[in-house]
Structures are given as C-alpha cells and as structure tokens.
Amino acid sequence: MKIMSVVGARPQFVKLAPVAEAMDAAGHEHIIVHTGQHYDPMLSAVFFRDLGIPEPDAHLGVGSGSHGLQTGAILAQMDEVLARFKPDCVLVYGDTNSTLAAAISAVKLHFPVAHLEAGLRSFNRDMPEEHNRVLTDHAADLCLAPTEAAMTHLSREGLAERSVLVGDVMTDVLLKVRDAVLENAARNPLADIEAPQGYYLATIHRAENTDDPVRLRGIVEALGLSDKPVILLAHPRVRAKAQEHGISLEGGSLSFRDPLAYPDLIAAALGSSGVVTDSGGLQKEAFLLRVPCTTVRGQTEWRETVDLGWNVLANTSDEITEALVRSTPIATTAMPYGDGHAAEYAVKAIVSALG
Ligand code: UD1
C-alpha cells in the first residue's frame, strides 16, 4: 500500500518513528508529510535524527498562529499534496491541529483516513486537543485505539465497527530507548544537579496551564516550594507566556532548561525522583519507567496510570505540593499500553481494513 503519514508536533514525531519502521518492514510505500506546526530544531529536527525517521517527502511550513490560522493553513495546502501523492490511506496521529486538518482534507477528497491514538477522551471541552480528537475520530474510516478504555469510548460514540485495539505506539519507542539508556547509564543530562536527595523533572506546556497568568503563576510558585530541586524543561509556549505575563520560571527550588532530545529526556526521567507534567506522553513514559508522576490537570486520558497508583492528578497549587511528597507507589507488572509492537499491529489493521 501507499500510506501517507501527516505529522507536525513533537509527540507525533515520536509516534511516527515505530510506524515508519513497521511500514518499512512490511514493504509499504510510506509518504511523510510534515505540516511545520513545530519548527524549532529541539521540537522537530532532533527527533527525526535521534529516532532514525526518514526525511519528510513534503513540508508545509505552516508555523505558529491561532487555531483557525494554523488549521486553515494546513487545509489550504493539503489538497495539492494529496493530489500529488495519491495515497491509498492517510494516517493521522493524536490530537493536534495538524491531526484535524489532515483528516478533514483527506475525507473531503475521499482518501481513506486512519486515526492513530483514537478514542482517548478527557471530557474537558475547554481543551483544543479534545475537539481535535473527537472530530478526527468521527471523520476517520479506521480508529486505531491504544487502550481498552479508548475502545469503550469509541463504542459509546457508535464507532465500534471501525475501531481496532492496537496498543500504544509510544510504548514501542519508550521500551527500546529505555533499554538503550540503561545500557549506558552515564547519559543523564541532568546528572550535574547537586542534590543528594534527587530532583523532580517538570514539563508544562498546555494552553489550559500556560495561557491564564493566575494559573501559571500558581503552578510556578508551587514548584518553587518543592522539597527537592525541580528542573522545568521549558517548551516555547510556557516560555513565551511567562515572559508575556512577567512570571519568572526560576525561584526557590525551581529552575528551567531547554527541552531535551528524546533519549536525554528518558534518561533524565529515569534519574529523577518524580515527574511533574501536563504532557500525555510523559505521564505514560513515567509509568512505563515506574517513576511517580504528578499530572497538573483535572483529568487524564491515560487513566490507567492513575488507577494503578503511579500518577496523581493535581489541579491546584496545594494539590501539587501534597502530591510531590506522597509515598512511593505499589509495584505493578501491569502493561495496559500494549506489548511494544503496537505499530506493527496498526499497520496490519490498516491493510486489513483499507487495503
Ligand atoms: C501542540 C498541540 C498539543 C501538543 C503539543 C506538543 C495543538 C492545538 N496543540 O501544542 O496538543 O501536546 O503541541 O508540544 O495542536 N512555538 C515555538 N516553536 C515551535 C513550536 C511552537 O516557538 O517549534 C511556540 C509559538 O510561540 C507558538 C506556541 O509555541 O505560538 C504554541 O505552539 P503550537 O504548536 O500552536 O501549540 P503547542 O502549545 O506546541
């Protein structure tokens, strides 16, 4: 088959890596389209390099902008890209503006669409990601779900017949990178942190946490009061919003650094006493590494991490402070995100449903 992957934001590059490998192994022609939603080298190029992803066949260069501008800029260019490559299937990933735009342009031109990471729900309609994922699931011909819970959501929305449980492709990558990192223990880029009691690794980037100055200030202050150093890997969005609102990302226990390349991030998480984040990917990665996670949100799409005791939702400053000092979770061998071969199953499901 000729399958076109459309990606644009950092977590999509991570998901693309095992899919590209699985497509190659199965002998399919794989076209990669980069929308350009993320353009900083640390959010884009280093992932292609470190994860061995082939260069994109087309780059739309849309860059930043409001939701309408960004989504519209992708839509405006996809007609030509689809006409040029004529794929048998368009594969979209996750829940970003790039996901929704690619799905809409493909269905309008009658190209079959498969949605990877389908069925996740936060039930929070204030999140741009929630609109993107719900609309994409309903536009898609094939919904590739990462978890049983996602399958249940799809079924409740009348999409059971076009849904297949394949597992989580980010788990495929994580397990491989973890093993490589463990073989080379010297790799932790935060090993210089001088704190015998360890450190917490933090990432905050979601619009719901960064765009309201009162909320962002509350989060930053809570992290500054932590019992251990907190290293915030500052995404461009949080940096820009902090500057706009005159909020310092340093103070007390809190300091910040640039975002890390993927293997470095995994090494830094493995070396930490805990992770504090609003990222979906990092919540899961922390769980798979068995590092306690505090999620700065009111809900999570990855509820298995909470049910199994390794993730705590902390939606206020007090809840963050309390969650950081909680006792170590109970060990578990549960594998709710698949066996590390999700990409292979996803490619097989595409061939069987749309081939
Ligand atoms: C996007 C996704 C989010 C995902 C995240 C991963 C949407 C609606 N959101 O959020 O679901 O979790 O990516 O990182 O699609 N910027 C740069 N350089 C870049 C990219 C962005 O400086 O390479 C800055 C710009 O100021 C931009 C802001 O970050 O305005 C936000 O970028 P954008 O892609 O719109 O959303 P993210 O917050 O990254």
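Here are the numbers:
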item: Restraint check, Lys86/Lys284; Lys176/Lys241; Lys15/Lys86; Lys86/Lys241; Lys108/Lys241; Lys108/Lys348, Cα-Cα greater than 30 Å; result: Lys86/Lys284; Lys176/Lys241; Lys86/Lys241; Lys108/Lys241
item: Solvent-accessible area, 1.4 Å probe, carbon plus sulfur percent, for the stretch 155-222; result: 51 percent
item: Probe 1.4 Å, all protein chains present, accessible-area order of Ile74, Ile104, largest first; result: Ile104, Ile74
item: The stretch 42-175 shape via C-alpha gyration tensor axes, a/c threshold 1.5; result: rounded
item: Nonlocal amide H pairs with Val113, under 5 Å, H built at 1.01 Å; result: Val90, Asp141, Leu142
item: Surface accessible to a 1.4 Å probe, Phe47 within the full protein complex, Å²; result: 10 Å²
item: Where N is the number of residues in the chain, Cα Rg divided by 2.2 N^0.38 Å; result: 0.96
item: Rounded to whole Hz, the Karplus (6.51, -1.76, 1.60) HN-Hα couplings of the stretch 218-234, x for glycine and proline; result: x, 5, 4, 5, 4, 5, x, 8, 4, 6, 10, x, 10, 9, 8, 8, 7
item: Shape call, the stretch 166-262: gyration tensor on alpha carbons, a/c limit 1.5; result: oblate
item: FRET efficiency, His67 to Asp88 (Cβ-Cβ, R0 35 Å, nearest 0.05); result: 0.70
item: In Å², nearest 10: area of Leu75 left accessible to a 1.4 Å probe; result: 60 Å²
item: Summed side-chain charge close to Pro87 - residues other than Pro87 whose Cβ falls under 12 Å, Lys, Arg +1, Asp, Glu -1; result: 0
item: Solvent-accessible surface (1.4 angstrom probe) belonging to His67, in square angstrom, nearest 10; result: 100 Å²
item: With Cα atoms, 0 to 90° folded angle of helix 67-85 axis to the chain main axis; result: 40 degrees
item: Separation of the Ala26 and Thr328 label points, Cα + 7 Å toward Cβ, nm; result: 4.1 nm
item: Per-residue ³J(HN,Hα) for the stretch 123-132, Karplus 6.51 cos²θ - 1.76 cosθ + 1.60, θ = phi - 60°, Hz, x for Gly and Pro; result: 6, 10, 7, 7, 8, x, 5, 5, 4, 4
item: Computed lengthening from His138 to Phe123, 0.36 nm per intervening residue step minus Cα-Cα distance; result: 3.8 nm
item: Nearby aspartates and glutamates by direct alpha-carbon distance to Lys2 (threshold 12 angstrom, same-chain neighbours under 8 apart not counted); result: Asp24, Glu29, Asp88
item: Rounded, prolate or oblate (a/c below 1.5 giving rounded, otherwise prolate when a/b exceeds b/c) for the stretch 32-79 by Cα gyration tensor; result: oblate
item: Where a label projected 7 Å from the Cα of Asp227 along Cα→Cβ would reach, residues of the stretch 275-318 with amide N under 15 Å; result: 275, 292-294
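The values are calculated or read from the model by the stated rules, or taken from the named source; none is laboratory data. Keep in mind that what you see is a predicted model, and the values were worked out from it rather than measured. Virtual Cβ from ideal backbone geometry, glycine too; neighbours counted across all protein chains shown. These accessible areas exclude ligands, DNA and RNA; they are computed on the full protein's heavy atoms, side chains included. Shrake-Rupley method; radii C 1.70, N 1.55, O 1.52, S 1.80 Å.
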